[in-house]
Structures are given as structure tokens and as C-alpha cells.
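Comments concern the structure below.
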Amino acid sequence: MKTLSDFNFKDQKAIIRVDFNVPLDENFNVTDTTRIEAAKPTIDKILKDGGSVILMSHLGRPKGKEDQYSLKHIVGETSKILGVNVKFAEDSRGDVAKNAAADLKPGEVLLLENLRFYKEEEAGDKEMAKELASLGDIYVNDAFGTAHRAHASTTIIADYFPENKTFGMLLAKEIESIEKVLKHAERPVTAVLGGSKVSSKITVIENILDKIDHMIIGGGMTFTFIKALGGKIGNSICEDDKLELALEILEKAKAKNVQILLPVDVVAADAFSNEANTQIVDVTQIPDGWQGLDAGPKSLEAIKKVILESKTILWNGPLGVFEMETFSNGTIELGNFIAEATKNGAFSLVGGGDSVAAVKQFGFEPKMSYVSTGGGAMLEMLEGKTLPGIAAIQG
Ligand code: AMP
């Protein structure tokens, strides 16, 4: 399969699906430019070759054409980041888009209006995909966050570029990193699964059990397991309809020789509040009226040992309610352990919305091997699904 570097973009128009779904404040200023910066290497390569770039993206969830969701708000910031005066087409379809694309000269960048102003985008409409395809010579998909959606610009459009299609550098790196964990991992492989619920992670757990040696369970989902095993969990969060499932997971893990590490102690609080009274208690002996909100010191010791022995680490979900300082220690310590293992040569992949937020908040991003940008898309890959946006380029 061809990669971006196999193409010479000289005098070619690249139409790139990017994920510029960035947060804006009430004055329409971009408050986090990460996603625009992440697309820069791909855009730079094309411009350096002597090509031109047509950028297409969605922004938010508009119902038809709504000015607050217009991508015109990000033209200034995008120009600043790319160091190029970005042109803007006020429509992603019709003559406006066609003429703007036709006028584009080598070295120039054009941003199309929000694709989701048309319901045909999310419907995966062939006509819309064909129209978008007609604007460029080479299709590049660099939007991992939407790779699990068969939308006109993420998947269907690829049909019109039988040869001239490729992943951008960002998407290629995402796929490579996840495959490094799922397909070519150096052992021992450890998955850390935290967060609030077992139910949202169950398909991931089932898919990765065949590929890992250790599974560290933490965060709120701990208590469903502990209750299923007969422990007293006080007021801790628990999915009572998932107790059987928790036991099944433990059995499956045993059958597959996966070592499961559950917390042995927790920081318990008398309220779900940063100002609550706290005490360290045995995870199976949480008093009535108290709830476990973070990992305790003995649990962290055990986690540290496993992490430092691992050669591949997947981290999805925090170990506690890290948004409150009182309960952030476990997640910070876990970040420290993984950073140390990574420094010693392990490969670490962090993914899933909340762990990425935690990693950024506590400054661990540069200390991890890879931090995935696509929450839902990453989870679907971990669940073993083939993402339509990826298949469309590979096929
Ligand atoms: P998830 O989206 O399933 O990955 O869950 C992330 C959320 O789980 C975060 O917002 C954490 O605050 C929350 N969380 C982590 N540990 C606990 C806990 N022990 N009790 C309640 N919520 C938790």
C-alpha cells in the first residue's frame, strides 16, 4: 500500500479530510489548536512538493447551515499555524467550491465550509462524495477521529480515487501505534483499564484478552468486580446488572492465562466532593456511607511492579476521579510509572477521552510513546472492528 511519502504532489491538488472539529469560545476564538497543529506535517509535505491543498472537515453538530458552526471562524488560526494565507470557500459543494478549487495554485491552501451543513455528509451520500472528489487529484485521509464513520468525506469519496488515495501522516501514525499493541507487541503486554463503567469497556476487554499478559483494573469499574467477588463496597459506583459479566471476565482471563490485578486498597470518601473526608481502606471493606474514589498506596505499589516489568502498555481510563485534586493521586502515579517504563524502552499507548485529558492535564503527553487523538475510533479499533475510513484507503 502506498503511503504519503510515495506520492509526489507537484502540480497536484490534494483533497484532505482533516479533523478540525476544534473548540471555540463565545467570540469564536479557537481555544485548543492541537488538531490543526496535528495536520500540519501532512499539509507541509504536500506544499513542499509543489502541490496545493484543499482541506475539508466538520465542526460540531449543526442542523443545516448555522453560522456558529462555520469553519470561517478558524481561517485566521489555521493560516497562522500553517504559515500560509488560507483561502475559504463558503460552500463545500456546487460552483463556489468548484471555482475556488479550480483557481488554486501550487503552494496555496483552501478550506471548505463545514461538511455537515449538508446532511448528505453523514448519510454517506454518493453524489456529495463524487462532487468533493472532483475537486482534487489525490485523496488524503488524515482524520482518525472520524475514521469509524462511513461518511461521504471519510469513506465513500475514496471510491473515486482507485489509485490516488492515501493516509495522512497523523492517521498513519495512529494505525501504526494501535497495531503495534494489537498485532506486533513485545511481551509482556499490560492493559490498564480504568474509568467509570465496565459496560462501556466490555467489548474492548473481550477483544484484548487474547493479546495481553496483564490486565490492571482500576477506577470506578473496580467496584462491580469487587461486589461480584463478595466484597463490601459501601456507596461506591457499581453496575449491579453487570456482576455476572464481571465474573465471566475474570474466568475468561484465567482460562487465557491473563493475570488480573484488582486494587487491594482505595481512598474512600464520605461524599463525592473534593472537600470530603477521606480514609484509606481495604477495597473489600468499604464502610457504609463511604465510596472508593481513588487507588490506595498498596494498590499503586502492585501496579508499579507490573508496569515496570511490561514492554508494551495500553492505558485507557483513569484510576480515580482525577478531576478532583483529592482523588487525582492514583492517576498521576500511574502516569509516572508508565513514563518510567517508557523511558526504559517500553512502548506506551494512551487512548480514550478521559485518559487523554488526564495525560494532558498532568503533563505526561511527551513522556508516552503515543497519545491517540481519536476517542471513539480508537475504542472501535481496540474492539477489533475494521474502521470504514481505514478500509476505504486500504481496499
Ligand atoms: P470513562 O469515560 O468510562 O473512561 O470514565 C472516566 C470517568 O470515570 C472520569 O471522569 C472519572 O472521574 C471517573 N471515575 C474514575 N474512578 C472513579 C470512581 N472510583 N468512582 C466514580 N467515578 C470514577
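The values are calculated or read from the model by the stated rules, or taken from the named source; none is laboratory data. Being a predicted model, the structure only gives us computed values, none of them experimental. Heads up, the Cβs are rebuilt from the backbone with ideal geometry, glycines too, and the neighbour counts pull from every protein chain shown. Heavy atoms of the whole protein, side chains included, go into the accessibility calculation; ligands, DNA and RNA do not. Shrake-Rupley method; radii C 1.70, N 1.55, O 1.52, S 1.80 Å.
What number of residues within region 257-275 are within 16 Å of residue 237 (Cα to Cα), without any contact (Cβ under 8 Å) to a residue 60 or more places away in the chain and in contact with a strand residue (DSSP E or B) (Cβ under 6 Å, 6 or more places away or on another chain)?
As a first pass, look at region 257-275 and keep what is within 16 Å of residue 237 (Cα to Cα): 262-263, 265-273.
Imposing the further condition that a residue be without any contact (Cβ under 8 Å) to a residue 60 or more places away in the chain reduces the set to 262-263, 265-266, 268-273.
From what's left, in contact with a strand residue (DSSP E or B) (Cβ under 6 Å, 6 or more places away or on another chain): 262-263, 265-266, 268-269.
Count: 6.
For region 300-310, does any single residue satisfy the condition of being touching a strand residue (DSSP E or B) at 6+ places or on another chain (Cβ under 7 Å), among the hydroxyl-bearing types (Ser, Thr, Tyr) and closer than 15 Å to residue 190 by Cβ?
Taking every residue of region 300-310 in turn, at least one turns out to be touching a strand residue (DSSP E or B) at 6+ places or on another chain (Cβ under 7 Å), among the hydroxyl-bearing types (Ser, Thr, Tyr) and closer than 15 Å to residue 190 by Cβ.
Any idea which residue in region 32-62 is surrounded by the fewest Cβ atoms within 10 Å (Cβ to Cβ), counting only those that are at pLDDT below 95 and part of a loop (DSSP other than H, G, I, E, B)?
Ranking the qualifying residues of region 32-62, first place goes to 32.
What pairs can you find where one residue is in region 178-202 and within 13 Å of residue 350 (Cβ to Cβ) and in the same structural domain as residue 348 (by TED's automatic domain parsing), the other is β-branched (Val, Ile, Thr) and within 16 Å of the ligand (Cβ to nearest atom), and their Cβ atoms are less than 6 Å apart, with a gap of 6+ or different chains?
Note: pairs meeting the criteria are 191/208; 192/216; 193/217.
Exactly one of (1) closer than 17 Å to residue 144 by Cβ; (2) modelled with pLDDT of 95 or more is unmet by residue 379. Its number?
(2)
Please specify each residue of region 222-252 satisfying the condition of being within 12 Å of the ligand (Cβ to nearest atom), in contact with an Asp or Glu (Cβ under 8 Å, 6 or more places away or on another chain) and in contact (Cβ under 8 Å) with a residue 40 or more places away in the chain.
234, 235
For region 253-265, check the following and say yes or no: at least one residue is away from the ligand (no atom under 11 Å from the Cβ), in the same structural domain as residue 313 (by TED's automatic domain parsing), within 24 Å of residue 323 (Cβ to Cβ) and of a type in the set (Asp, Glu).
Scanning region 253-265 turns up at least one residue that is away from the ligand (no atom under 11 Å from the Cβ), in the same structural domain as residue 313 (by TED's automatic domain parsing), within 24 Å of residue 323 (Cβ to Cβ) and of a type in the set (Asp, Glu).
It is to be established whether one or more residues within region 186-193 are within 16 Å of the ligand (Cβ to nearest atom) and not β-branched (Val, Ile, Thr).
Taking every residue of region 186-193 in turn, at least one turns out to be within 16 Å of the ligand (Cβ to nearest atom) and not β-branched (Val, Ile, Thr).
Quick check, is residue 84 open to solvent by less than 50 Å² (accessible area, probe 1.4 Å) and within 21 Å of residue 145 (Cα to Cα)?
no
Give, as residue ranges, the helices (runs of 4 or more DSSP H) completely inside region 258-371 that count at least 1 residues that are at pLDDT 95 or above, open to solvent by 30 Å² or more (accessible area, probe 1.4 Å) and out of contact with any Phe, Trp or Tyr (no Cβ under 6 Å at 6 or more places or on another chain).
Output list reads 297-309, 329-343.
Tell me which residues, restricted to region 1-27, are surrounded by fewer than 18 Cβ atoms within 10 Å (Cβ to Cβ) and among the charged types (D, E, K, R).
Listed by number, the residues that qualify are 2, 6, 10, 11, 25, 26.
Out of everything in region 111-140 that is of a type in the set (Asp, Glu) and in a loop (DSSP other than H, G, I, E, B), what residue ends up being surrounded by the most Cβ atoms within 10 Å (Cβ to Cβ)?
Looking at the filtered set, the residue picked out is 113.
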